[in-house]
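Student: I am attaching a structure below and will ask some questions about it afterwards.
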Amino acid sequence: MPEWRGGMFHGWDKWFYGSFPEKPPRLKDLLAHPGVHNHWYIREIADNFPAPTTLTALRLPNNDLVVVEGMHRACAIALLAHNNKVLDTEVLIMLADWPDAEPPKLGTGWEK
């Protein structure tokens, strides 16, 4: 999951993605941002991961996977992997193919 890309959510793009050349960035790279690495909610999830859990992702034509639901949980899993900690729970992945090279912009707040 660290190789997955974050979802193109307005808030994530506005607050966290700006310093990354690739958008959306890979979760493992996103952890370099102190606002993500030290995010209280991501750390709380990593410490008390909900079991079982379901994440939703899209597969782009280049086979990159992009989170579309469960961004904080996906970051928590990437954080656990970064810290060489084992995640001992069932994670279900809902996956769909996305036909465009660019992932969709998700949520509200985007300029029209």
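Student: Mean-square fluctuation check for the chain, GNM, Cα pairs under 10 Å: which of 21, 50, 99 is largest?
Tutor: 21
Student: Considering just Cα atoms, how many Å³ per residue does the convex hull of the range 1-101 enclose? Show your work: numbers first, answer last.
Tutor: Working: hull volume 9.4 nm³, N = 101.
Residue-normalised Cα hull volume stands at 93 Å³.
Student: How much mean residue ellipticity at 222 nm does the chain get from its helices, if each DSSP H run of length 4 or more adds -39500 (n - 2.57) and you divide by all residues, to the nearest 500 deg cm²/dmol? Working shown, then result.
Tutor: Values: 5 runs with 34 residues, N = 112.
The helix-only estimate for the chain comes to -7500 deg cm²/dmol at 222 nm.
Student: What figure, in Å² to the nearest 10, do you get for the accessible area of residue 23 with a 1.4 Å probe and non-protein molecules left out?
Tutor: 100 Å²
Student: A further question on this structure: Can you give the charge dipole size of the chain about its Cα centre, rounded to the nearest 20 debye, using +1 on the beta carbon of Lys and Arg and -1 on the beta carbon of Asp and Glu?
Tutor: Values: 11 positive and 14 negative charges, 44 e Å.
That gives the chain a dipole magnitude of about 220 debye.
Student: Any chance you could look up the accessible area of residue 65 with a 1.4 Å probe, heavy atoms only, rounded to 10 Å²?
Tutor: Its heavy atoms expose roughly 40 Å² to the probe.
Student: Normalised by the residues of the chain, what does the relative contact order come to in percent, with Cα pairs under 8 Å and at least six apart?
Tutor: Working: 180 pairs, mean separation 39.7, N = 112.
It comes to 35 percent, rounded to a whole number.
Student: At 1.4 Å probe size, with no ligands or nucleic acids counted, give the accessible surface of residue 60 in Å², nearest ten.
Tutor: Using a 1.4 Å probe on the heavy atoms, I get roughly 10 Å².
Student: Quick check: at a probe of 1.4 Å, how many percent of the accessible area of the chain sits on carbon and sulfur atoms?
Tutor: Details: 3440 of 6590 Å².
Of all accessible area on the chain, carbon and sulfur atoms account for 52 percent.
Student: Give the ranking of 93, 77, 42 by solvent-accessible surface, highest area first, calculated with a 1.4 Å probe.
Tutor: On the way: 93 70, 77 25, 42 0 Å².
The most accessible residue leads, giving 93, 77, 42.
Student: How high is the FRET efficiency from residue 20 to residue 54, r the C-beta distance, R0 41 Å, rounded to 0.05?
Tutor: Working: r = 27 Å, r/R0 = 0.65.
It comes out at approximately 0.95.
Student: What length, rounded to one decimal in nm, is gained on full extension from residue 41 through to residue 101, with 0.36 nm per residue of separation minus their alpha-carbon distance? Please report the intermediate quantities before stating the final value.
Tutor: Values: separation 60, 0.36 × 60 = 21.60 nm, distance 3.06 nm.
My answer for the length gained is 18.5 nm.
Student: Still on this structure, please answer the following. Straight-line reach only, C-alpha to C-alpha below 19 angstrom: list the lysines that residue 105 could link to, leaving out same-chain residues fewer than 8 apart.
Tutor: Counting by Cα, and skipping residues close in sequence, residue 105 has these lysines nearby: 14, 23.
Student: Could you put 108, 89 in order of accessible surface area, largest first, with the 1.4 Å probe and the full protein assembly present?
Tutor: Details: 108 125, 89 40 Å².
From most accessible down to least: 108, 89.
Student: Continuing with this model, one more query. How tilted is helix 71-82 with respect to the longest principal axis of the chain? Cα atoms for both, answer in degrees (0 to 90, nearest 10).
Tutor: Approximately 60 degrees, to the nearest ten.
Student: Then there's this: Can you bin the range 17-62 into rounded, prolate or oblate? Criterion: square roots of the alpha carbon gyration tensor eigenvalues sorted a ≥ b ≥ c, rounded for a/c under 1.5, prolate for a/b above b/c, oblate for the rest.
Tutor: On the way: a/c = 3.58, a/b = 1.19, b/c = 2.99.
Oblate, since a/c reaches 1.5 and b/c is not below a/b.
The values are calculated or read from the model by the stated rules, or taken from the named source; none is laboratory data. It should be emphasised that the depicted structure is a prediction, and the values quoted were computed from it without experimental measurement. Every residue, glycine as well, gets a Cβ built from its backbone with ideal geometry; the counts of neighbours run over all protein chains shown. Protein only, heavy atoms only, side chains kept; ligands, DNA and RNA dropped before computing areas. Shrake-Rupley method; radii C 1.70, N 1.55, O 1.52, S 1.80 Å.
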